[in-house]
1. For Met178 and Trp166, compute 0.36 nm times the residue count separating them, minus their Cα-Cα distance, and round to one decimal in nm.
2. Could you tell me how many cubic angstrom of Cα convex hull volume region 44-143 has per residue?
3. What is the sum of charges, Lys and Arg at +1 and Asp and Glu at -1, for the other residues whose Cβ falls under 12 Å from the Cβ of Pro87?
4. Which of the chymotrypsin sites (Phe, Trp or Tyr not before Pro) across region 90-124 are loop residues per DSSP, with 12 or fewer other Cβ within 10 Å?
5. Subtract the Cα-Cα distance of Asp97 and Phe61 from 0.36 nm times their separation in residues, and report this length gain in nm to one decimal.
6. Excluding Ala76 itself, calculate the net charge of residues whose Cβ lies under 13 Å from the Cβ of Ala76, where each Lys or Arg counts +1 and each Asp or Glu counts -1.
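Each reported figure results from applying straightforward, stated rules to the coordinates on display, with no laboratory input. What you are looking at is a predicted structure, and each value in this text was computed from that prediction instead of being measured. Virtual Cβ from ideal backbone geometry, glycine too; neighbours counted across all protein chains shown.
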Amino acid sequence: MRTTSILGCIAAYGMVLHVSAQTPDWNTGGNGISGGEYLGAAAGSTVPLLLKTVANQPIDFSTANLFRARINPRMAYPSLNSFPNIPADGFTLITPDDGFLGQAPRGPFSRLHLAEGGTYGNAEQWGYRPWQRNGITFTGNTDQSYIGQKCRGEGGTGETDMVIQWSDNPGNWKGDRMRFIF
């Protein structure tokens, strides 16, 4: 009985080694996908993940060849809701497609921006203010909202408000509400 158990363990271990030897890691060459660097383990590396990018370019994520998310490089938008020169370093966009990027400012409004899909109404700027940086922006259905911090005071005085803000598209006041539903 003991010999059978030992032989069974050796056989199972051998099968695991055989399968893992035939399944290559996802590496920076994209496992046969040409055109750049990809998220994954470098060939021959013991490091589980490697992300390599071109300097000062956004990091874009896709699934099934559809755009899903972007992390900004060091950058500023020329204008956002008529406010000039808006810093957007490291801001992250999550959306079901790249329609958002076809609308100015062509990138996320805050640290995390969740945008509805499509090419119309998902990049609503109305209501945006330059202090809306450290929080979550929501856009879609031609509306915009933000949950996050509003830092007050200069020089790190520690004055901060927690803000819930939302706005409707200009000229179309259709009774959008804030609701708490149980």
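1. On the way: separation 12, 0.36 × 12 = 4.32 nm, distance 0.84 nm.
Extending this stretch completely gives an extra 3.5 nm.
2. Details: hull volume 11.4 nm³, N = 100.
Taking the convex hull of the Cα positions in region 44-143, it is 114 Å³ per residue.
3. Working: positive: Arg74, Arg111, Arg133; negative: Asp89.
For residues surrounding Pro87, the net value is +2.
4. Qualifying residues, ordered by number: Tyr120.
5. Working: separation 36, 0.36 × 36 = 12.96 nm, distance 1.05 nm.
Using 0.36 nm per residue and subtracting the Cα-Cα distance, I get 11.9 nm.
6. Values: positive: Arg74, Arg106, Arg133; negative: Asp89.
Around Ala76, the charge tally is +2.
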